[in-house]
Amino acid sequence: NFLLSSSVTVPLSHLINAFHSPKKTPVSVSASISQNQHRDVVSEHEAPTNEPVLNLRDLGLSELKVGQIDQLVDSLLPGFYKDKNVSSHWHTSHVSAQSFFENKYGCLDMFSTLRSSCLYRQHSRTLKRICSDLQYWPVFIQSRGFKTLKSRTRRLQSTSERLAETQHTAPSFVKGFLLRDRGSDVESLDKLMKTKNIPEAHQDAFKTGFAEGFLKAQALTQKTNDSLRRTRLIVFILLVVGIYGLLKNPFLSVRFRTTTGLDSAVDPVQMKNVTFEHVKGVEEAKQELQEVVEFLKNPQKFTVLGGKLPKGILLVGPPGTGKTLLARAVAGEADVPFYYASGSEFDEMFVGVGASRIRNLFREAKANAPCVIFIDELDSVGGKRIESPMHPYSRQTINQLLAEMDGFKPNEGVIIIGATNFPEALDNALIRPGRFDMQVTVPRPDVKGRTEILKWYLNKIKFDQSVDPEIIARGTVGFSGAELENLVNQAALKAAVDGKEMVTMKELEFSKDKILMGPERRSVEIDNKNKTITAYHESGHAIIAYYTKDAMPINKATIMPRGPTLGHVSLLPENDRWNETRAQLLAQMDVSMGGRVAEELIFGSDHITTGASSDFDNATKIAKRMVTKFGMSEKLGVMTYSDTGKLSPETQSAIEQEIRILLRDSYERAKHILKTHAKEHKNLAEALLTYETLDAKEIQIVLEGKKLEVR
Ligand SMILES: Nc1ncnc2c1ncn2[C@@H]1O[C@H](COP(=O)(O)OP(=O)(O)OP(=O)(O)O)[C@@H](O)[C@H]1O
Ligand SMILES: [Zn+2]
């Protein structure tokens, strides 16, 4: 018997006859359809063991197709489905138009019902065999496929529905496109099967396979599209956040906007907290700028009087002397917006960006007048216009600047302050009247200015009362404000590293030497012999300085190697020497000779070292300036020689002769002093070997023959 549904069994012979009957006439069978035959369910594993082993082939059913089951059931049991309205899977599935969807996957249910029926228990092995045979039935493939196809069907249907729907709603050109598109697919599949002459029996499987492949590809594309969409969304969000951050961050936003030209006008910075009080040691410059502050505070006052203030003020001075600080102080004193721009920002590689930035900057400044526009490194914008075919556009930026400066009246309340370290590099058009026609020099501070700047920065840190800023100031000739600020800062760091409570002279001296000569090379192990030579060499310099009337006073002597030097003697000018006398120049030469002379006297001429090379450079430079610049040679008179290379050989040799005489005399003078003070020389050298570094006071104590107290 062959079970058709939970309560219908059909003899197998009828099934086989029906399958093999030449015409599909319905064969009435007395199927034992018992209404109330209850299904006694036994657990599957108790199946009897003596059932015959049958398979489809034996039953002559191997050719049975899933698609034929319907007809078979109809022919075996006409009306089976109709009046029994058996809720069979055969009726419920709504197949799509595709042929392989015609089959319903009822076999799956059929088999599960089969397994739970009494018949299964009697012939479970047989039926299992049939089931396993049937496993390969296309219906199983389809059912497996169907199950997944079901979801796929749904998707396909949804796609096909969507397609169908768009075909109704889409405009004709889309419709044509879609149809044209589908036509080619459908045609290609059928055509493919024809060209491949796929046998009828496998066409369903082929189509399933094709569908699977298509759906997999579609799913993949879907997945890729989804992840692509997600990535794009994330990148977009990051971009928005990034730009927002850039525009929000004051420093970055200014840089970002000025460099990208997005909005070249930089945000004005209120300089309330910077006044002239913050700028030390440049009194003259401050006075000259005072009237600019008055104008900015009250431009009308000047217009009434008819006075014309300069539009552009040029601050000229070496780096770090306070030009930027002064400009900020002007804006701070007048309490007006301060626009900062650096000349280098205007010159971008993109043509025209510089000019547009200048336009935007001036437009914004005029809108916020009275205000200060500060252009740092003006020479990098207004550098001499390069009239070369290589730089056809370099003039654009500077021409724009000139045009803008001409574009507004002097009393509009906008003051442009430019700063440069190289005024000679500026284009003349920039510094003619009506442009940067007021020039303020901001020089390096003198010893008084240096003392003020040191006091200003020392007040910002904790320092010992023994600290004398003037001493430091005298030992820092030529230091700029920035270098002095750095010196104080380094001293504070050194004190912190040494675990000190406050900064003492020692730290200040240490950081001064570090700035002057480079960091101490403590790690360098100098053997005793070399240390002794260095000690006598440096004390040779010190002795000459001490016993030569016009020499600068000694500040300190050390045999601690710093930078390239093994030792050093630093001298303190009483104050900045605006002019030096012949005697002072000769004294400086003698001090420089002291090192080599000491080596020769103490160790003999065979043991002199190379350590004196920088001393001789120094002495030669002084001698050369005396002969070629300062007219201090009797023989050559007051003629100056700027470029000795272009002179006649006679003149050159005469100059060299004079220089040689000066150096020789200086050497002899130094030798004389050291011979005279040999004892002091020896004491000082031994004290240096003991203490390594001696300051002015300690040197004096030793040279006076007193005992140094132990440190
Ligand atoms: N005269 C001064 N008084 C007080 N501080 C100073 C002085 N000069 C320089 N400084 C300090 O040095 C720092 C740098 O100075 P600033 O930038 O104004 O010099 P600058 O002349 O503009 O340098 P550059 O020409 O390189 O731009 C300032 O922030 C300030 O702390
Ligand atoms: Zn020396």
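Kindly check whether there is at least one residue in the range 484-502 that is of a type outside the set (Phe, Trp, Tyr), crowded, with 21+ Cβ neighbours inside 10 Å and in a loop (DSSP other than H, G, I, E, B).
Taking every residue of the range 484-502 in turn, none turns out to be of a type outside the set (Phe, Trp, Tyr), crowded, with 21+ Cβ neighbours inside 10 Å and in a loop (DSSP other than H, G, I, E, B).
Within the range 322-346, the set of residues being touching a strand residue (DSSP E or B) at 6+ places or on another chain (Cβ under 9 Å) and either over 16 Å from Gln290 (Cα atoms) or part of a strand (DSSP E or B) (or both) comprises Pro337, Phe338, Tyr339, Tyr340, Ala341, Ser342, Gly343, Ser344, Phe346. Every listed requirement among (1) in contact with a Leu (Cβ under 7 Å, 6 or more places away or on another chain); (2) crowded, with 21+ Cβ neighbours inside 10 Å is met by Gln439 save one, (2). Quick check: is even one residue across the range 449-461 farther than 30 Å from Val381 by Cβ, away from ligand 1 (no atom under 16 Å from the Cβ) and surrounded by fewer than 17 Cβ atoms within 10 Å (Cβ to Cβ)? Checked the range 449-461: no residue is farther than 30 Å from Val381 by Cβ, away from ligand 1 (no atom under 16 Å from the Cβ) and surrounded by fewer than 17 Cβ atoms within 10 Å (Cβ to Cβ). Sub-7 Å Cβ pairs linking a first residue in the range 318-331 that is under 14 Å from Glu377 (Cα atoms) to a second residue that is hydroxyl-bearing (Ser, Thr, Tyr) and at pLDDT below 95, at least 6 apart or interchain, are Pro318/Ser480; Pro319/Ser480; Gly320/Ser480; Thr321/Ser480, ordered by first then second residue.
Considering the conditions (1) free of Cβ contacts under 8 Å to residues at least 12 places away in the same chain; (2) touching a strand residue (DSSP E or B) at 6+ places or on another chain (Cβ under 9 Å), Asn298 is excluded by exactly one of them, (2). Taking each residue of the range 426-442 that is more than 19 Å from Arg395 (Cα to Cα) and in a strand (DSSP E or B) and looking for partners that are away from ligand 1 (no atom under 15 Å from the Cβ) and among the aliphatic types (A, V, I, L, M) with beta-carbon atoms closer than 8 Å, six or more apart or interchain, yields Gln439/Ile431.
If you go through the range 640-698 and keep only what is among the acidic types (Asp, Glu) and over 18 Å from Glu709 (Cα atoms), you end up with Asp643, Glu650, Glu656, Glu658, Asp665, Glu668. Mind counting the residues in the range 473-483 that are at pLDDT below 90 and not in a loop (DSSP other than H, G, I, E, B)? Summing the residues that are at pLDDT below 90 and not in a loop (DSSP other than H, G, I, E, B) in the range 473-483 gives 2.
In the list Ser394, Ser388, which residue meets the criterion of being buried (at least 16 other Cβ atoms within 10 Å of the Cβ), at pLDDT below 75 and more than 16 Å from ligand 1 (Cβ to nearest atom)? It would help to see each step written out before you state the result.
On the way: Ser388 fails: buried (at least 16 other Cβ atoms within 10 Å of the Cβ).
On inspection, the qualifying residue turns out to be Ser394.
The values are calculated or read from the model by the stated rules, or taken from the named source; none is laboratory data. Remember, it's a predicted structure, so these values are computed and weren't measured experimentally. Glycine gets a Cβ as well: all are built from the backbone with ideal geometry, and neighbour counts include every protein chain shown.
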